[in-house]
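Structure first, commentary second.
The values are calculated or read from the model by the stated rules, or taken from the named source; none is laboratory data. For clarity, every value in this text was computed on a predicted model and none was experimentally measured. We place every Cβ from the backbone using ideal geometry, glycine too, and count neighbours over all the protein chains shown.
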Amino acid sequence: MKKFKVQIERPGGGLIHGVLWAGSKADAQELLHLPAGYKIHKFEEVELNHAVFYDLEFEKYLAGGKQLVALSGIMARPTCHSNGTSPADLRTDYLEARRAVELAKEALKKCHPNGRDYYPQDGGCGVAALKAAQDQHWDRMRRLNGVAEELMALAEHVDQFCKD
């Protein structure tokens with residue numbers, strides 16, 4: 001996977017910064033879904049190792065949202081040392097937190113919007129209300145997926161860089 005730094009220009013001015021991962025520049029550009037008036041200001045392949053900066057707003061222009069490493073700002077990773085938390089405890093805590101997020105995802109799946117709960121809206125049709133509820137539901141699932149992925153990345157970091 002290659003890493004691409006992206007700057008999106010807003011219609012009224014100002015830039016949205018982001019980083020995404022893809023096999024090629026063409027694949028990366030396909031991941032972006034920009035509304036009318038927004039355009040790519042800068043798009044370049046970059047070398048990034050640990051910390052990734054981007055605007056939270058950037059995430060909403062990605063298909064699926066799985067390309068980002070952190071939900072906002074920098075994904076800080078722990079430095080293991082003799083005065084810190086043991087690698088075993090760090091790993092256990094990250095994995096337990098991830099399991100809790102997975103349980104939250106299972107519970108959220110049970111709350112998936114059903115058309116029978118929305119048809120009285122919109123003049124008896126409910127199509128727009130159901131669509132909005134489904135979009136919001138999948139957005140919640142996407143955010144939980146992101147948290148689960150971050151926690152796994154932190155556990156993997158501990159496995160790779162910290163020795164018991």
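When only residues in the stretch 2-40 that are assigned to a strand (DSSP E or B) and over 21 Å from Gly146 (Cβ atoms) count, which is modelled with the lowest pLDDT? Working first, answer last.
In the first step, residues of the stretch 2-40 are kept if they are assigned to a strand (DSSP E or B); the result is 2-9, 15-22, 32, 39-40.
Imposing the further condition that a residue be over 21 Å from Gly146 (Cβ atoms) reduces the set to 7, 9, 15, 39-40.
On the way: Gln7: 81, Glu9: 84, Leu15: 78, Lys39: 84, Ile40: 84.
Among those that are assigned to a strand (DSSP E or B) and over 21 Å from Gly146 (Cβ atoms), it is Leu15.
Take the conditions under 30 Å from Leu20 (Cα atoms), surrounded by 14 or more Cβ atoms within 10 Å (Cβ to Cβ), at pLDDT 90 or above and not small (Gly, Ala, Ser) and apply them to His137. Does it pass? Before the answer, list the steps.
Working: under 30 Å from Leu20 (Cα atoms): yes; surrounded by 14 or more Cβ atoms within 10 Å (Cβ to Cβ): yes; at pLDDT 90 or above: yes; not small (Gly, Ala, Ser): yes.
Taking the combined requirement at face value, the residue satisfies it.
Just to check your reading of the model, which residue among Lys105, Lys110, Lys131 is out of contact with any Ser or Thr (no Cβ under 6 Å at 6 or more places or on another chain) and touching a residue at least 24 places away in the same chain (Cβ under 8 Å)? Before you say what the answer is, go through the steps one by one.
On the way: Lys110 fails: touching a residue at least 24 places away in the same chain (Cβ under 8 Å); Lys131 fails: touching a residue at least 24 places away in the same chain (Cβ under 8 Å).
Lys105 is the lone residue from the list that is out of contact with any Ser or Thr (no Cβ under 6 Å at 6 or more places or on another chain) and touching a residue at least 24 places away in the same chain (Cβ under 8 Å).
Is it the case that some residue within the stretch 74-83 is assigned to a helix (DSSP H, G or I) and either free of Cβ contacts under 8 Å to residues at least 60 places away in the same chain or more than 28 Å from Val19 (Cα to Cα) (or both)?
Within the stretch 74-83, the subset assigned to a helix (DSSP H, G or I) is none.
The answer is no, given that none of the residues of the stretch 74-83 is assigned to a helix (DSSP H, G or I) and either free of Cβ contacts under 8 Å to residues at least 60 places away in the same chain or more than 28 Å from Val19 (Cα to Cα) (or both).
Given the structure, is Asp122 part of a helix (DSSP H, G or I) and either in contact with a strand residue (DSSP E or B) (Cβ under 8 Å, 6 or more places away or on another chain) or surrounded by fewer than 13 Cβ atoms within 10 Å (Cβ to Cβ) (or both)? Outline the logic, then answer.
Values: part of a helix (DSSP H, G or I): yes; either in contact with a strand residue (DSSP E or B) (Cβ under 8 Å, 6 or more places away or on another chain) or surrounded by fewer than 13 Cβ atoms within 10 Å (Cβ to Cβ) (or both): no.
Here the answer is no, as Asp122 does not meet what is asked.
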